[in-house]
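Presented below is the structure to which this report refers.
The values are calculated or read from the model by the stated rules, or taken from the named source; none is laboratory data. It should be emphasised that the depicted structure is a prediction, and the values quoted were computed from it without experimental measurement. Don't worry about glycine lacking a Cβ; one is built from the backbone with ideal geometry, like all the others, and counts go over all protein chains shown. Note: areas computed on protein heavy atoms with side chains; ligands, DNA, RNA excluded. Shrake-Rupley method; radii C 1.70, N 1.55, O 1.52, S 1.80 Å.
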Amino acid sequence: MNEPALLAPVTPRTAVRPHLVADQVSAWFGDHQVLEDITLTVHNSTVTALIGPSGCGKSTFLRILNRMHEMVPGASLAGRVLLDGEDIYERRVRPTDVRRTVGMVFQKANPFPAMSIADNVVAGLLITGRKTADKDALIERSLRRAGLWKEVENRLRTPAGTLSGGQQQRLCIARALAVDPEVLLMDEPCSALDPTSTRRVEETISEISHEVSVVIVTHNMQQAARVSQRCAFFLAEDGEPGRIVEQGQTYGVFNSPTDPRTADYVAGRFG
Amino acid sequence: MTAPTARRRRTDRWNADTVSQLVAAGVGAVSLTWVLSARVLPIGRVAEAALFGMVTFVVLYGVCVASSDSWFAARDRVAAALFTIAGLLLFAALVAVVSFTAVRGYQAVLHINFWTETTATTGPADPLTKGGVLAALVGTLEQVGIAALVSVPLGLATAVYLNEVGGRLARTVRTVIDAMSAVPGIVAGLFVFAVAVLTLGYSRSGLAAAIALAIEMLPVVTRTGEVVLRLVPEPLREAAYALGSTQWQTVRKVVLPTARTGLVTAVLLGVARVIGETAPVLLTSGFTAELNADPAHGPQVSLPLFIFTEVRFPLDHAISRAFGAALVLLTVVIVLFTAARLLGRKKLS
Ligand SMILES: Nc1ncnc2c1ncn2[C@@H]1O[C@H](COP(=O)(O)OP(=O)(O)OP(=O)(O)O)[C@@H](O)[C@H]1O
Ligand SMILES: [Mg+2]
């Protein structure tokens, strides 16, 4: 097996260090516990894939990493999430600052329909009222990073709703990149996309992963193998909260899993 | 292959069968109604005959479809026919109201003085070449304008509170707003009259009327606005939060712009509710035939009040003036709604 993602990176990376660390995280919706004792390290400039069957808490975990979990009424959690060593659930940390640093791309593309394509890209700045020296340059750079520039450069002023589904998803990626996050969380970003758009998004992920730490949830094992360097397998057994069964180098998890359940899952034997 | 081009197949319902069934039922209903109303039943008036004809038509149509198709199809078509008739009746009623007003009122509005003069020096019996609705038009615009100025920001803010903030208190507020929307106009008028005029000692004025109108307008704007805001998809709010925005920024820059056209509708429904209101105005604005552009002092006439006053004279010219004023009111509504729709159009930066 020759996985390109596992070859030495093209550009030299800064030394790999823990960037975002989940430490013994548990989560509840009301009285229903959905995650237990999740400890996971996201290294900088690395793509980390979260895999596992439906309903095992991957999205919940992802939303804990940028404090979106608490937006759900009745949701609660335990444990710590350290961003560069600092707990983001510390009292004095503002959730808005966390979300600006840890960006998010959702499963379903959700561009703002009342804004043009260009405005969608810089929506993070427009909404939070921050200024930038050169907006047009930022728009172009973000769209290029998301692999969308060529397709939209002549229609930047048209409403975002006129784009195709795949283009909208890449627009959302551009929007998330424009606020310059350090970590990007992606929840099944390709599940509604065709193979070509999926390719483009995967290329995008590979490119941005030199500067941004990416955490991606995916149900597509090939995709996980293609884009990620590290991987964590989540599983919620009957009536139990979700736990991490196995984590480590993607190559290792896929080719020599230590847990039989992981072996079954990555081989497509259940889930 | 003999056919050079493919023949397109018709998949719509308007095939020969449907048309013949409709025609058969129509002819049958008209004849039956005619025979019965002329010979047998005591239905002399057009309205009764039309009602009878419609019922007969629906029944015959169902029988026609059932005999050539199935009962199942008949049920479906009868339901479709009933809904179509309901829609047409409603439309006919609207056309009737507007055209009746237009026919009775057009003579008055054709005179230029109708738009530029007041009835201050005109008696009810004077010809249409004297007097006009200027004072009433100014009064209506000012009173509704002030009412909107008060209740639109307040109503939209409340709608945002109910939908975006929520909580236990929100349920109480919603109940109060619902109760407010059930308050009849005359009660709102009485309330303002009792508080402002009797208790606080202010004189009747356009401002007092505007407050009564605002009380009526507020629940409409709030509840409609709330429904419209609820239609904004949750993923858009999540996207905004994920970019690091606060709740206020999300509401301001994402929720409100997305709901813009709907919010314009909410405001329009509020204006529509009060612009023709007579009862609250009757108690609070006082009456004067003179032009009073100052809503804060002295009595002020408005279009509904003008109509109410003129139409009570048993004189042709006065009644013509009343219908003319009604026509002006309709025009004002149309102009306002068109302007608001144009403003509410989505425009991108
Ligand atoms: N808003 C919520 N309220 C209550 N329970 C919830 C809520 N969201 C998720 N859950 C529950 O939490 C558990 C984990 O859900 P989550 O969405 O994290 O799963 P997932 O691993 O992302 O699944 P999928 O792969 O289908 O997206 C599920 O049992 C789900 O029913
Ligand atoms: Mg999920």
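Yes or no: B:Leu51 closer than 30 Å to B:Ala322 by Cα and open to solvent by 40 Å² or more (accessible area, probe 1.4 Å)? Answer is no for this residue.
Just so you know, in the stretch B:13-27 the residues that are modelled with pLDDT of 85 or more and closer than 12 Å to B:Ala81 by Cβ include one that is least open to solvent (accessible area, probe 1.4 Å), and it is B:Ala25. Of the listed requirements (1) surrounded by fewer than 16 Cβ atoms within 10 Å (Cβ to Cβ); (2) among the charged types (D, E, K, R); (3) over 29 Å from A:Glu140 (Cβ atoms), A:Arg243 misses just one: (1). The one condition from (1) open to solvent by 10 Å² or more (accessible area, probe 1.4 Å); (2) out of contact with any Pro (no Cβ under 9 Å at 6 or more places or on another chain); (3) not β-branched (Val, Ile, Thr) that A:Ala114 does not meet is (2).
Somewhere in the stretch B:287-302, is a residue in a helix (DSSP H, G or I), at pLDDT 90 or above and more than 16 Å from the chain's Cα centre (by Cα)?
Within the stretch B:287-302 (the criterion being in a helix (DSSP H, G or I), at pLDDT 90 or above and more than 16 Å from the chain's Cα centre (by Cα)), the answer is no, since none of the residues qualifies.
Confirm whether B:Leu32 is in contact with a helix residue (DSSP H, G or I) (Cβ under 9 Å, 6 or more places away or on another chain) and part of a helix (DSSP H, G or I). It is true that B:Leu32 is in contact with a helix residue (DSSP H, G or I) (Cβ under 9 Å, 6 or more places away or on another chain) and part of a helix (DSSP H, G or I). Within the stretch A:123-162, the set of residues being open to solvent by less than 10 Å² (accessible area, probe 1.4 Å) and either in a helix (DSSP H, G or I) or within 14 Å of chain B (Cβ to nearest Cβ) (or both) comprises A:Ala123, A:Gly124, A:Ile127, A:Ile139, A:Ser142, A:Leu143, A:Val152, A:Ala160. Counting only helices (runs of 4 or more DSSP H) that fall entirely inside the stretch B:203-272 and contain at least 2 residues that are surrounded by fewer than 21 Cβ atoms within 10 Å (Cβ to Cβ) and away from chain A (no Cβ under 14 Å), the qualifying elements are B:206-230. The set of residues from the stretch A:229-239 being under 28 Å from A:Trp28 (Cα atoms) and modelled with pLDDT of 90 or more comprises A:Arg230, A:Cys231, A:Ala232, A:Phe233, A:Phe234, A:Leu235, A:Ala236. Exactly one of (1) open to solvent by 10 Å² or more (accessible area, probe 1.4 Å); (2) within 13 Å of ligand 1 (Cβ to nearest atom) is unmet by A:Thr258. Its number? For A:Thr258, the failing item is (2). Checked against the criterion of being modelled with pLDDT of 90 or more, within 14 Å of chain B (Cβ to nearest Cβ) and either under 18 Å from A:Gln107 (Cβ atoms) or assigned to a helix (DSSP H, G or I) (or both), the stretch A:192-209 has no qualifying residue. Within the stretch A:88-108, the residues that satisfy the criterion of being away from ligand 1 (no atom under 16 Å from the Cβ) and closer than 30 Å to B:Leu256 by Cβ are A:Ile88, A:Val93, A:Arg94, A:Pro95, A:Thr96, A:Asp97, A:Val98, A:Arg99, A:Arg100, A:Thr101, A:Val102, A:Gly103. The single condition from (1) touching a helix residue (DSSP H, G or I) at 6+ places or on another chain (Cβ under 8 Å); (2) within 15 Å of ligand 2 (Cβ to nearest atom); (3) more than 7 Å from every other protein chain (Cβ to nearest Cβ) that A:Leu65 fails is (1). A:Val212 passes every criterion in (1) farther than 24 Å from A:Ala114 by Cα; (2) modelled with pLDDT of 90 or more; (3) within 16 Å of ligand 1 (Cβ to nearest atom); (4) under 15 Å from the mean Cα position of the chain (by Cα) apart from (3).
Which members of the stretch A:163-192 meet the condition of being within 16 Å of ligand 2 (Cβ to nearest atom), surrounded by fewer than 24 Cβ atoms within 10 Å (Cβ to Cβ) and at negative phi? Listed by number, the residues that qualify are A:Asp187, A:Ser191, A:Ala192. For the criterion of being in contact (Cβ under 8 Å) with a residue 24 or more places away in the chain and either surrounded by 12 or more Cβ atoms within 10 Å (Cβ to Cβ) or in the same structural domain as B:Arg230 (by TED's automatic domain parsing) (or both), B:Leu162 passes.
Only one residue in A:Gly30, A:Gly74, A:Gly85, A:Gly55 is more than 14 Å from chain B (Cβ to nearest Cβ), out of contact with any Ser or Thr (no Cβ under 9 Å at 6 or more places or on another chain) and within 10 Å of ligand 1 (Cβ to nearest atom). Which one?
Numbers: A:Gly30 fails: out of contact with any Ser or Thr (no Cβ under 9 Å at 6 or more places or on another chain); A:Gly74 fails: more than 14 Å from chain B (Cβ to nearest Cβ); A:Gly85 fails: within 10 Å of ligand 1 (Cβ to nearest atom).
Matching residue, one of A:Gly30, A:Gly74, A:Gly85, A:Gly55: A:Gly55.
Restricting attention to the stretch A:210-233, the residues being assigned to a loop (DSSP other than H, G, I, E, B) and in contact with a strand residue (DSSP E or B) (Cβ under 8 Å, 6 or more places away or on another chain) number 5. If you go through the stretch B:180-202 and keep only what is small (Gly, Ala, Ser) and part of a loop (DSSP other than H, G, I, E, B), you end up with B:Ala182, B:Gly201. Just give me the residues in the stretch A:72-94 being surrounded by fewer than 17 Cβ atoms within 10 Å (Cβ to Cβ) and within 15 Å of ligand 2 (Cβ to nearest atom), in sequence order. Within the stretch A:72-94, just A:Val72 meets the criteria. Candidates B:Arg45, B:Arg10, B:Arg39, B:Arg75: the one that is open to solvent by 100 Å² or more (accessible area, probe 1.4 Å) and either touching a residue at least 24 places away in the same chain (Cβ under 8 Å) or not assigned by TED's automatic domain parsing to the domain that holds B:Leu89 (or both) is B:Arg10.
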